[in-house]
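Novice: First the structure, then my questions, so here it is.
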Amino acid sequence: MKHIKVSAEHEYQVHLDVHFEGILNDVSKSHNKVLILAPEFIVSTYHLEQFLHPLENASLFVVPDGEHQKDISIVEKIWQSMGEAGLTRSDALIAIGGGATTDLGGFAAATWLRGISWYAIPTTLAAMVDASVGGKTGINSQVGKNLIGSFHSPQGVYVDLRFLKTLSDRDFAAGLAEVIKVGFIRDTEILNLLQSKNTVALAREISEELIYRSVAVKADVVSQDFQESRLREILNYGHTFGHAIEKYSHYEMRHGEAVSIGLVFAAELAGRVIGLKSDVIDLHRSLLQQFDLPTSTHIPFPPLMELMRSDKKSRGDSIRFIGLNSIGTPHWLEDVTSNDLEATYERITS
Ligand SMILES: NC(=O)c1ccc[n+]([C@@H]2O[C@H](COP(=O)([O-])OP(=O)(O)OC[C@H]3O[C@@H](n4cnc5c(N)ncnc54)[C@H](O)[C@@H]3O)[C@@H](O)[C@H]2O)c1
Ligand SMILES: [Zn+2]
């Protein structure tokens, strides 16, 4: 078992290779009451009710599947359950699921009684390497993705690798997009590993190492800049364009799939405005395509531009992009013009 420390508003650990049943037991014992959130698929496939039955102080709230759970109407229902269960400030919430569930659960915990403890048990690769670590919690709204949220770190993140066995290749690949992002901004060894393990089946064999390396980078960055005053923005590499694509698709596309296109966009933009070498841009495409991730789009440019303007990373009138000078050296692109963006878009539309 490995542990990675994160320093945020409090210190906590990401525990790698645990068994979730033991965690449910331990957390329930250390609080008076716990509310557990999980999507139906996890409840039924992993027999959650069987494990919760002996825990008399635990209640279960089944969340809708996917991105649609990150909605204020669901948060209201969770608050209702918290009220009915009588959750006090010393009680806790456990979110078991993908990134949508850990984002939602963290947000419900942040807002109930101005913040109660919560624990994350991520069940997708995206949630293990990214969403459950770092304390960003939130929901979507008509205005945009993740615009409503709070920084509210969990008390612990518990990665049970057995969950990956039921994860579809599509969802595993979506998580790999975030892993590849980490490779480009900081950890070149990730790129080397994925060049040799060049299919989803092969990459699954090195899940633990990929998770460990990705979490180590995220933990380091978050520990230096928890509230994203600057350094943490490097983790948004590929996300400005990615979020626009994701929103346009009404979340039919996986977050990681949209980020995949966003990574190629960010690399092409860096090529245009700061001279990122073409072989590095090509490496983005080839690595992502190895895992059948999308690298181009047919969505028209004007609505994407509009969505990028409303993204939370824009400050004032400028849209913020992270680019690369070279592999492992992120660069803030401060003065990107509409012309640059349109010309870059032309290079990724097919
Ligand atoms: N807070 C952050 O810092 C942060 C970072 C990255 C991503 N995110 C958020 O995370 C979300 C994307 O994460 P995601 O792709 O995990 O989304 P998700 O939670 O929607 O999960 C994707 C799908 O996998 C299913 N699933 C979950 N676990 C499974 C398992 N073990 N086996 C089979 N199927 C399983 C889910 O039911 C869902 O259909 C987005 O909402 C994104 O905004 C947040
Ligand atoms: Zn992401």
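Novice: For the chain, build the charge dipole from Cβ charges (+1 Lys, Arg; -1 Asp, Glu) around the Cα centre, then report which of 331, 45, 119 sits farthest towards its positive end.
Specialist: 331
Novice: Further question: For residue 346 and residue 309, FRET efficiency with R0 = 22 Å and r from the beta-carbon atoms, rounded to 0.05?
Specialist: On the way: r = 19 Å, r/R0 = 0.87.
Calculated transfer efficiency: 0.70.
Novice: Protein chains only, probe 1.4 Å: how do 55, 324 rank by accessible area, largest first?
Specialist: From most accessible down to least: 55, 324.
Novice: With all protein chains present, how much of the accessible area of the stretch 257-350 (probe radius 1.4 Å) comes from carbon and sulfur, to the nearest whole percent? Show your work: numbers first, answer last.
Specialist: Details: 1940 of 4160 Å².
Using a 1.4 Å probe with all protein chains present, the stretch 257-350 comes out at 47 percent carbon and sulfur.
Novice: Report the calculated FRET efficiency for residue 40 and residue 141 (r = Cβ-Cβ distance, R0 = 30 Å), to the nearest 0.05. It would help to have the intermediate numbers written out before the result.
Specialist: On the way: r = 24 Å, r/R0 = 0.80.
Calculated transfer efficiency: 0.80.
Novice: At 20 °C and 1.002 mPa s, what whole-number value in µm²/s does Stokes-Einstein give for the translational diffusion of the chain, with Rh from the Kirkwood sum over Cα pairs?
Specialist: On the way: Rh = 20.3 Å.
Answer, rounded: 105 µm²/s.
Novice: Mind pulling the angle between the C-alpha long axis of helix 239-248 and the longest principal axis of the chain? Nearest 10 degrees, somewhere in 0 to 90.
Specialist: Rounded to the nearest ten degrees, it is 70.
Novice: Counting each DSSP H run of 4 or more residues in the chain as -39500 (n - 2.57), what helix-only mean residue ellipticity at 222 nm follows after dividing by all residues, to the nearest 500 deg cm²/dmol? It would help to have the intermediate numbers written out before the result.
Specialist: Values: 14 runs with 161 residues, N = 350.
The helix-only estimate for the chain comes to -14000 deg cm²/dmol at 222 nm.
Novice: By accessible area of protein heavy atoms, probe 1.4 Å, what ranking do 20, 51 get, highest first? Before the final figure, lay out the partial values.
Specialist: Details: 20 10, 51 65 Å².
Most to least solvent-accessible, the answer reads 51, 20.
Novice: Okay, next question. Just to confirm my numbers, what's the Cα centroid distance between the stretch 261-329 and the stretch 106-160 in Å?
Specialist: Cα centroid of the stretch 261-329 versus Cα centroid of the stretch 106-160: 25 Å apart.
Novice: Starting with the highest mean, order 197-207, 266-276 by the number of other Cβ atoms within 10 Å, averaged over the residues of each peptide.
Specialist: Details: 197-207: 15.8, 266-276: 21.6.
Per-residue mean Cβ counts within 10 Å order the peptides as 266-276, 197-207.
Novice: Please give the peptides 165-174, 72-81, 107-116 ranked by average Cβ packing (other Cβ atoms within 10 Å per residue), highest first, as a rough proxy for protection.
Specialist: Values: 165-174: 17.1, 72-81: 14.6, 107-116: 19.9.
Ranking, from highest mean packing down: 107-116, 165-174, 72-81.
Novice: Using alpha carbons only, how many degrees (0 to 90, rounded to 10) separate the axis of helix 20-29 from the longest principal axis of the chain?
Specialist: 50 degrees
Novice: With 10 Å bins from zero, work out the P(r) of the stretch 169-348 over every alpha carbon pair and list the percent per bin.
Specialist: Each 10 Å bin holds this share of Cα pairs: 10, 41, 37, 11, 0.
Novice: Shifting gears a bit: How high is the relative contact order of the chain? Use alpha-carbon pairs under 8 Å, at least six apart in sequence, and give a whole percent. Walk me through the numbers before you get to the answer.
Specialist: Values: 671 pairs, mean separation 52.6, N = 350.
Here the relative contact order equals 15 percent.
Novice: Taking Cα atoms, how many degrees apart are the long axis of helix 207-224 and the longest axis of the chain, rounded to 10 and kept between 0 and 90?
Specialist: With both axes taken from Cα atoms, the answer is about 90 degrees.
Novice: Give me the number: length gained by fully extending residue 76 to residue 250, i.e. 0.36 nm times residue separation minus the C-alpha to C-alpha distance, one decimal in nm. Intermediate values should be presented prior to the final figure.
Specialist: Working: separation 174, 0.36 × 174 = 62.64 nm, distance 2.18 nm.
60.5 nm is the gain from fully extending residue 76 to residue 250.
Novice: Another one. Sorted by average packing, counted as other Cβ atoms within 10 angstrom per residue and highest first, what order do 242-250, 301-309 take?
Specialist: On the way: 242-250: 21.6, 301-309: 15.2.
The densest-packed peptide leads the list: 242-250, 301-309.
The values are calculated or read from the model by the stated rules, or taken from the named source; none is laboratory data. Just so you know, these numbers come straight off a predicted model, no measurement behind them. Counting neighbours? That spans all protein chains shown, and the Cβs are built from the backbone with ideal geometry, glycine included. Accessible surface is based on the protein model in full, side chains and every heavy atom, while ligands, DNA and RNA are left aside. Shrake-Rupley method; radii C 1.70, N 1.55, O 1.52, S 1.80 Å.
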